[in-house]
Amino acid sequence: MHAGVDRRSILIMRISTVVRTSPLSARRRGARHVIPVALVCGVLLAGTAACGSDGGRRNHAGAPGLNIPVASGSPNPGAVPRLPGIGSRMSKRVPADTRQAVVVYGDDQDSDESTVVLYERKANAWKLTGTWPAHNGRQGWTTDHHLDDERSPVGAFSLTDAGGSLEDPGSRLPYWYDDNAYAAMTEDGDEHVHDFDYVIAIDYNRLKGVAPFDWNRPEGVEKGGGIWLHLDHGDGTSACVTVPESGMKTLLSTLNPRLHPVVVMGDRDHLSA
């Protein structure tokens, strides 16, 4: 989720007050589909998708403070293995048929820094297959997300749709390409110009099976929406989770709808409860 920080002259309009008169069209693997409005992370961009100033760099070899192992299993062959660093409460929200999980380990409830780890379930254990430095909402995390609170929602959500302003790099998820709908309206050289080259929709308050920028909000506009995994720009967002380009390409080429991928996200205290 993105909103301007210091560029107050850039207009960002909420969907509750804007109706687009000419539909945009998205291309899903080459076919064009009509989409009513281009939403980016809960707001319609009429300007830059700015997300703050440059932040410091850290070593993200593993989730901060969790000492994550490379595998986690269960001694009971019939039990669903628990993801590393994930407590019983959050584990219950991961479907039993999930074989791939993207876990976002937030540093702290009020921090915008986190680590994204990709796990794949092999037999009765979770195997770590990738890890990247990441950012989340600039105000941290919340269990009751609302529009413009600048916090990412804590929870476990399915991952069903992807897209971007660049053509499909080999995504296994349905990929909705449109070089206009995802474009952050920035000037050349702006640090946010490539934010939405590749995105994966997080299924929070959205319809599944549609383009990530679809404007429908089943739980209402005030609950926010349009929350994505997308390219990192070095600091916090308004609710999205960002990873480097290499991470996005790996996720797109790895996440398989047949394996029912999910994202489990939150600060480490909520995740471990």
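In whole Hz, what ³J(HN,Hα) sequence does segment 105-119 give by Karplus (6.51, -1.76, 1.60; θ = phi - 60°), x for Gly and Pro?
Result, rounded to whole Hz: 8, x, 4, 7, 4, 10, 9, 9, 9, 7, 10, 9, 10, 9, 10.
Rounded, prolate or oblate: which fits segment 91-159, taking a ≥ b ≥ c as square roots of the Cα gyration tensor eigenvalues, rounded meaning a/c under 1.5, else prolate when a/b beats b/c?
Cα axes put segment 91-159 in the oblate bin.
Express the relative contact order of segment 186-273 as a whole percentage, based on alpha carbon pairs under 8 Å and six or more residues apart in sequence.
23
Leaving ligands and nucleic acids out of the surface, order V80, V193, V241 by accessible area at 1.4 Å, largest first. If you can, show how the numbers build up before the last one.
On the way: V80 80, V193 50, V241 0 Å².
Largest accessible area first, the list is V80, V193, V241.
Classify segment 133-273 as rounded, prolate or oblate, taking a ≥ b ≥ c as the square roots of the eigenvalues of its Cα gyration tensor: rounded when a/c is under 1.5, otherwise prolate if a/b is larger than b/c and oblate if not. Working shown, then result.
Numbers: a/c = 1.36, a/b = 1.19, b/c = 1.15.
Cα axes put segment 133-273 in the rounded bin.
Could you name the aspartates and glutamates whose alpha carbon sits less than 15 Å from that of K249, not counting residues in the same chain fewer than 8 places away?
D161, E167, D168, D195, D197, D232
With only alpha-carbon atoms in the gyration tensor, what are the semi-axes of the equivalent ellipsoid for segment 120-189, in Å, largest first?
That gives 26, 23, 13 Å for the three semi-axes.
The values are calculated or read from the model by the stated rules, or taken from the named source; none is laboratory data. Because the structure is a prediction, the values reported are computed rather than measured. The accessibility values were calculated without ligands, DNA or RNA, using every heavy atom of the protein model including side chains. Shrake-Rupley method; radii C 1.70, N 1.55, O 1.52, S 1.80 Å.
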